[in-house]
Amino acid sequence: MESSGTYGDAFRQALGDAGVGLVRVSGKAVKDQSETFDGVPSQHDGKDAAIIADLAGRGKGRSWGMGTGDEASQEMRYWVRKLDALQRIKQVWAGRIEAMLARHWPEVQGLMEGSCPTVARALGHWGDPRALAADASAPDLLAGFGGHWLTDEKIAALIDSARQTAGVRMNRWEVQEMKDLATRLTDERQAMARCRRQLRALAAREPVIEAQAPALGVVAACVLWTSLGDPRNYGSAAAYQKAMGLNLVEHSSGQYKGQLRVSKRGRGVVRKWLYFSALRHMQHPAVKAWVDRKKSRNGGKSMRAVVAVMRRLSLAAWHVGVNGVAFDARLLFGPPPPGPRGKKKGRRSTASGEDMKPLPPLDGLYAAPGGVKVPPHEYMGPLPPGDPP
């Protein structure tokens, strides 16, 4: 049986109930075998079925029973899916609030984000900035909404902004809509906080997730566990990275010739949460210095740098989870501290296991990890000494 999709799960369950063994064959293996099977690269259902049977008969498949996993994994999957859904819904409410504030209270955007918890709770209570400015108890209520994060100066500026706003006056139904949106946004945030507390409690029971948490964050580590399984089931960090869809593949078309891009195979939710982790690590001084150099080489574009950090984090996540290596953000793009084992002078490596020794240009290209030659603007590693940025 081919591994893609979930449309065959009912069939898997029926085979398991009947005691019939099931073997899973990689969809990529079927595609790669299509031309060598009969000399024609085309695919159709009959040919694919024959290839699947052939690969399974030659031991190229794996047993694929309909297992549901242990209770803890099922519970973690429930909270991960709920948190992801709540975040998507929260983004909808936040976007609509931002749009209404741009019309009715544009000045608040210069003080704080219009969808931040303090503003959301204030809008849920008053709905209209003019009602906020007219309420004598507004300073005390805002202080309760913002807690120790909201200073008296910021409260005064917020009330003054609401009093002097040049925004369009709100009618009764617009006020009601603003209150509804802000209340929903606050409720989503509270529900997301409950999900995170549950995931932290579950992650504390699994040593691998606890080891990955400093590198990825607890939520991202739980997402990887529920989406990809135990990293110890992967033979290498590169295989773990490939399962996330962060391995480099060549894309060619009428506009692009031989450019390397991440494959984006597998579940997008993994890359989504890894993206959030990468943004957080990009604030680290050591990582930020590398990112700034990368952006300068790419004409100020930052997305390639973000993807590079994601790729390094994916490799580091495997090593800290499988080998028990302590995560250190300084090692993502920099040399490790000198060790007592007499390593060669000048050797540079990372927690992800990639050799970071500067490589000379080959025929105008750079040698990326794995021996792949890439143009300078695609290169993810450090530049050789003396090479212009």
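The values are calculated or read from the model by the stated rules, or taken from the named source; none is laboratory data. Worth saying up front: this structure is predicted, and the values here are computed from it rather than measured. As a convention, Cβ positions derive from the backbone with ideal geometry for all residues, glycine included, and neighbour counts pool all protein chains shown.
Taking the conditions (1) exposed (fewer than 15 other Cβ atoms within 10 Å of the Cβ); (2) closer than 21 Å to TYR78 by Cβ in turn, PRO207 satisfies each one other than (2). Restricting the range 254-282 to residues that are among the basic types (Lys, Arg) and assigned to a loop (DSSP other than H, G, I, E, B) leaves a set whose member that is nearest to GLN212 (Cα to Cα) is ARG267.
The single condition among (1) surrounded by 17 or more Cβ atoms within 10 Å (Cβ to Cβ); (2) over 25 Å from ALA326 (Cα atoms); (3) not β-branched (Val, Ile, Thr) that GLU250 does not meet is (1).
Rundown of residues vs (1) in contact with an Asp or Glu (Cβ under 7 Å, 6 or more places away or on another chain); (2) modelled with pLDDT of 90 or more; (3) closer than 17 Å to GLN74 by Cα, yes/no style:
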| site | (1), (2), (3) |
| --- | --- |
| LEU224 | no, yes, yes |
| ASP230 | no, yes, yes |
| ASN233 | no, no, no |
| SER236 | no, yes, no |
| LYS242 | no, yes, no |
| ASN247 | no, yes, no |
| SER252 | no, no, no |
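Among the conditions (1) surrounded by 14 or more Cβ atoms within 10 Å (Cβ to Cβ); (2) at pLDDT below 90; (3) over 30 Å from ILE209 (Cβ atoms), the only one that LEU55 does not satisfy is (2). If only residues of the range 115-143 that are in a loop (DSSP other than H, G, I, E, B) and closer than 17 Å to GLN164 by Cα are counted, the one that is nearest to the chain's Cα centre (by Cα) is GLY127. As for the range 212-233, it holds at least one residue that is of a type in the set (Phe, Trp, Tyr) and within 13 Å of SER314 (Cα to Cα). Only one of the numbered conditions (1) modelled with pLDDT under 95; (2) surrounded by 13 or more Cβ atoms within 10 Å (Cβ to Cβ) is violated by HIS44, and that is (2). Pairs are defined by a Cβ separation below 9 Å, a sequence spacing of at least 6 or placement on different chains, a first member in the range 15-31 that is among the aromatic types (Phe, Trp, Tyr), and a second member that is buried (at least 17 other Cβ atoms within 10 Å of the Cβ) and at pLDDT 90 or above; no pair meets this definition. Considering ASP152, ASP70, ASP140, the condition of being surrounded by fewer than 12 Cβ atoms within 10 Å (Cβ to Cβ) and under 30 Å from VAL25 (Cβ atoms) is satisfied by ASP70 alone. Within the range 149-208, the residues that satisfy the criterion of being of a type in the set (A, V, I, L, M), over 30 Å from VAL80 (Cβ atoms) and not in a loop (DSSP other than H, G, I, E, B) are ILE155, ALA156, ALA157, LEU158, ILE159, ALA162, VAL175, MET178.
Within the range 231-253, the set of residues being among the charged types (D, E, K, R) and either in a loop (DSSP other than H, G, I, E, B) or touching a residue at least 40 places away in the same chain (Cβ under 8 Å) (or both) comprises just one member, ARG232.
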